[in-house]
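The values are calculated or read from the model by the stated rules, or taken from the named source; none is laboratory data. Quantities reported herein were computed from a predicted structural model and do not represent experimental measurements. Positions of Cβ are backbone-derived with ideal geometry, glycine not excepted, and every protein chain shown enters the neighbour counts. Surface accessibility is based on the protein's heavy atoms, side chains included, excluding ligands, DNA and RNA. Shrake-Rupley method; radii C 1.70, N 1.55, O 1.52, S 1.80 Å.
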Amino acid sequence: EAGVTQFPSHSVIEKGQTVTLRCDPISGHDNLYWYRRVMGKEIKFLLHFVKESKQDESGMPNNRFLAERTGGTYSTLKVQPAELEDSGVYFCASSYYNEQFFGPGTRLTVL
Amino acid sequence: RKEVEQDPGPFNVPEGATVAFNCTYSNSASQSFFWYRQDCRKEPKLLMSVYSSGNEDGRFTAQLNRASQYISLLIRDSKLSDSATYLCVEDLGTDKLIFGTGTRLQVFP
């Protein structure tokens, strides 16, 4: 069974540009989560989808971040415009019931 | 104060040794606890859940002490392949995982 996949694996952009990260959850998982780890810090929750609805977006840093999950399948996380402090590793996770399975992450570098 | 506190390490131990990590949490309302393992530049993977009664999975034993608000992980007979970062994680009951910064373990021959 395929795990959680994320695209791209790395992204290097300049401050002020836009980047869109994609996450494909494990098939059949209604729950989808985004997390972020910035350098030297712990992994932090960003938001949680149940199917296509945002269940909890309390961790979203500001309105430069927009997450969508059209049709309750894959999800995108757009950062517009990107700032230097947005650099880090963005993880996506999905779950059916309890255990959250993480994807390999997208390493974002903002120059 | 961080919600989940861990000693970052590194813990350097020889093969075959027993090593223990502790983690403290600040929210007494926390519902569930987990230990995740993260290899360098990889994603976190669930190692085991932690229950008040304690639970064991092979060489790994996890314990939860609600009165003192700490969680422990014991690894017996350490293998080289156990080298990784161990993340202490809590769930307040909302599916929102709260991570510690992790404890790095290096097992040497």
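Residues of the range A:1-19 that are surrounded by 18 or more Cβ atoms within 10 Å (Cβ to Cβ) and on the phi > 0 side of the Ramachandran plot: none at all. Quick check on B:Arg104: is it within 14 Å of chain A (Cβ to nearest Cβ), of a type in the set (D, E, K, R), within 9 Å of the chain's Cα centre (by Cα) and closer than 24 Å to B:Arg1 by Cα? It is false that B:Arg104 is within 14 Å of chain A (Cβ to nearest Cβ), of a type in the set (D, E, K, R), within 9 Å of the chain's Cα centre (by Cα) and closer than 24 Å to B:Arg1 by Cα.
B:Ala67 meets all of the listed conditions (1) within 14 Å of chain A (Cβ to nearest Cβ); (2) more than 21 Å from A:Glu99 (Cα to Cα); (3) without any contact (Cβ under 8 Å) to a residue 12 or more places away in the chain but one, namely (1). The strands (runs of 3 or more DSSP E) located wholly in the range A:20-78 that include 3 or more residues which are crowded, with 16+ Cβ neighbours inside 10 Å and not acidic (Asp, Glu) occupy A:31-37, A:44-50. Which one is surrounded by the most Cβ atoms within 10 Å (Cβ to Cβ) among residues in the range B:58-96 that are among the acidic types (Asp, Glu) and modelled with pLDDT under 95? Of everything passing the filter in the range B:58-96, B:Glu90 is surrounded by the most Cβ atoms within 10 Å (Cβ to Cβ).
Of the residues B:Tyr36, B:Tyr51, the single one that is within 17 Å of A:Asn98 (Cα to Cα), among the aromatic types (Phe, Trp, Tyr), within 14 Å of chain A (Cβ to nearest Cβ) and open to solvent by 50 Å² or more (accessible area, probe 1.4 Å) is B:Tyr51. Given the residues A:Tyr33, A:Tyr97, which is the only one that is within 14 Å of chain B (Cβ to nearest Cβ), among the hydroxyl-bearing types (Ser, Thr, Tyr) and touching a Cys at 6+ places or on another chain (Cβ under 8 Å)? The match here is A:Tyr33. Taken together, A:Glu42, A:Glu68, A:Glu52, A:Glu14 contain a single residue that is out of contact with any Ser or Thr (no Cβ under 8 Å at 6 or more places or on another chain) and charged (D, E, K, R), which is A:Glu14.
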